[in-house]
Each structure stands twice: as structure tokens, then as C-alpha cells.
Amino acid sequence: MGYHTFDVERAETLETAGRRYRFLSAEELLWALSLSPDDTVADLGSGTGFFTDDVAPHADHVYAVDVQAEMHEYYREKGVPETVDLVTSNVSDLPLEDGAVDAAFSTMTYHEFASDEALAEIRRVLRSGGRLVVDWTATGTGADGPPLEERYSADEAAAALRTAGFDVEHEAVRPETFLLIARLE
């Protein structure tokens with residue numbers, strides 16, 4: 001399961017606010033992150049920077065992490081905020097210092113990197129604080145997003161987070177996505 005990446009040729013579709021906010025609003029993302037103005041955040045699977053742009057004004061620094069350099073090229077053309085650093089990397093091998101970030105989030109990308117190694121790496125780079133996961137749910141219809149067989153259920157993701165040493169504080173399941181908020185134990 002997993003390791004599906006979004007087709008870069010369709011990157012412009014990731015910028016459609018009506019479509020993206022249907023699954024997660026900027027307000028809900030910011031509520032879940034509960035940021036302070038001096039926080040450093042990692043957007044894991046940042047793609048075109050759609051949600052990175054929502055978070056950047058509320059944090060001191062954001063690492064926009066994506067495995068596809070072409071997504072960063074698209075983001076550069078769109079315009080990257082000064083407080084955002086583009087990081088081309090797999091989540092399982094983040095080029096960040098231990099404890100470098102106060103919070104991390106994944107919007108509709110957990111299925112692309114879900115592994116014990118990736119969760120251990122996220123744990124390594126996090127200071128005490130939160131981790132947010134929003135993803136396509138395996139219990140969805142499959143009308144949007146990746147194929148159902150590439151998705152995880154909220155229960156599967158929560159179990160993986162707990163095994164990796166996180167405390168899941170909030171879980172909500174929607175028709176196509178789930179929202180999990182977890183903190184380091």
C-alpha cells in the first residue's frame with residue numbers, strides 16, 4: 001500500500017480552492033496545528049504549496065517537504081513566501097536536525113509515505129508538540145483522490161502513530177478523508 005505520488009502534469013488542479021477546502025479548510029488546519037508565531041513547521045508532502053501558504057503567515061518558519069522536485073518548481077513559479085524553505089526529500093529521510101520542528105502536518109499525503117521509518121523520522125525531527133495527519137480514507141468512495149487500495153483508514157493511521165510513540169488526541173472521519181491530531185508522548 002501507499003507510495004502513490006500525485007501526477008506533476010496535473011499540479012494546477014491542486015490549486016483549486018473550492019476542491020481542496022472541501023476536504024480540509026484553512027481554518028480547520030490552523031485550529032488543529034494550534035501554532036504560535038515563533039513555531040517552525042514541516043508540511044510533509046507539500047506539493048504546490050497550497051496548504052503551506054495557509055500556514056506560513058502563522059508560523060516563524062515552514063519547511064515544505066516534497067519528494068518531487070517538479071512540485072517545488074511549480075511552487076517557485078507560483079511564488080514561495082520568504083519564511084518557507086523548499087526541501088526535496090522522502091519523509092523517511094528528512095534532512096532536518098533532531099527536534100528542528102514544533103509541528104508537522106500532512107494533507108492528503110500520508111498514504112504516500114506511511115511506514116515505520118517515516119514515522120520514526122517525523123518523531124526524530126519533532127520537538128515536543130503536535131503532529132497532524134489529514135488523508136484520504138480507505139472507507140471513502142474513491143470518487144476523489146488516490147485508489148482505495150492505496151489509502152489507510154483513520155484507525156490504521158492512528159494505530160501506526162501510537163506504535164511510533166504518539167498520543168492521538170483527536171480523530172474525525174469524513175466521507176473521503178480523516179483528520180488525526182497526535183502529539184509526542
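Only one of Leu184, Leu119, Leu161 is farther than 14 Å from Asp43 by Cβ, surrounded by fewer than 19 Cβ atoms within 10 Å (Cβ to Cβ) and among the aliphatic types (A, V, I, L, M); which? Lay out the reasoning, then the answer.
Working: Leu119 fails: surrounded by fewer than 19 Cβ atoms within 10 Å (Cβ to Cβ); Leu161 fails: surrounded by fewer than 19 Cβ atoms within 10 Å (Cβ to Cβ).
Unique residue meeting the criteria: Leu184.
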Neighbours by Cβ (under 6 Å, 6+ apart or cross-chain): first from segment 52-77, under 11 Å from Phe105 (Cβ atoms) and acidic (Asp, Glu); second surrounded by fewer than 17 Cβ atoms within 10 Å (Cβ to Cβ) and at pLDDT below 95: Asp54/Ala26
Pairs with Cβ under 9 Å, 6+ apart, first in segment 147-162 and over 16 Å from Phe113 (Cβ atoms) and without any contact (Cβ under 8 Å) to a residue 24 or more places away in the chain, second of a type in the set (D, E, K, R) and in a strand (DSSP E or B): Asp155/Glu171
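Within segment 68-99, which residues are among the β-branched types (Val, Ile, Thr), within 21 Å of Glu112 (Cα to Cα) and out of contact with any helix residue (DSSP H, G or I) (no Cβ under 6 Å at 6 or more places or on another chain)? Talk me through it step by step, then tell me what you get.
Let us first name the residues in segment 68-99 that are among the β-branched types (Val, Ile, Thr), namely 80, 83-84, 87-88, 91.
Among the residues that remain, those that are also within 21 Å of Glu112 (Cα to Cα) are: 87-88, 91.
Answer for segment 68-99, where residues must be among the β-branched types (Val, Ile, Thr), within 21 Å of Glu112 (Cα to Cα) and out of contact with any helix residue (DSSP H, G or I) (no Cβ under 6 Å at 6 or more places or on another chain): just Val87.
For (1) part of a helix (DSSP H, G or I); (2) among the polar types (S, T, N, Q); (3) at pLDDT below 95, each residue gets a yes or a no:
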{"residue": "Glu12", "(1), (2), (3)": "yes, no, yes"}
{"residue": "Asp38", "(1), (2), (3)": "no, no, no"}
{"residue": "Gly47", "(1), (2), (3)": "no, no, yes"}
{"residue": "Asp54", "(1), (2), (3)": "yes, no, no"}
{"residue": "Pro57", "(1), (2), (3)": "yes, no, no"}
{"residue": "Val62", "(1), (2), (3)": "no, no, no"}
{"residue": "His72", "(1), (2), (3)": "yes, no, yes"}
{"residue": "Val87", "(1), (2), (3)": "no, no, no"}
Residue that is surrounded by the fewest Cβ atoms within 10 Å (Cβ to Cβ), among those in segment 83-116 that are touching a residue at least 60 places away in the same chain (Cβ under 8 Å) and more than 25 Å from His58 (Cα to Cα): Ser115
Unmet criterion (only one of (1) of a type outside the set (Gly, Ala, Ser); (2) modelled with pLDDT under 90; (3) open to solvent by 40 Å² or more (accessible area, probe 1.4 Å)) for Val173: (2)
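The values are calculated or read from the model by the stated rules, or taken from the named source; none is laboratory data. Since we're looking at a predicted model, the values are computed, not measured. As a convention, Cβ positions derive from the backbone with ideal geometry for all residues, glycine included, and neighbour counts pool all protein chains shown. Note: accessible area is taken over every heavy atom of the protein model, side chains too, but ligands, DNA and RNA are not part of it. Shrake-Rupley method; radii C 1.70, N 1.55, O 1.52, S 1.80 Å.
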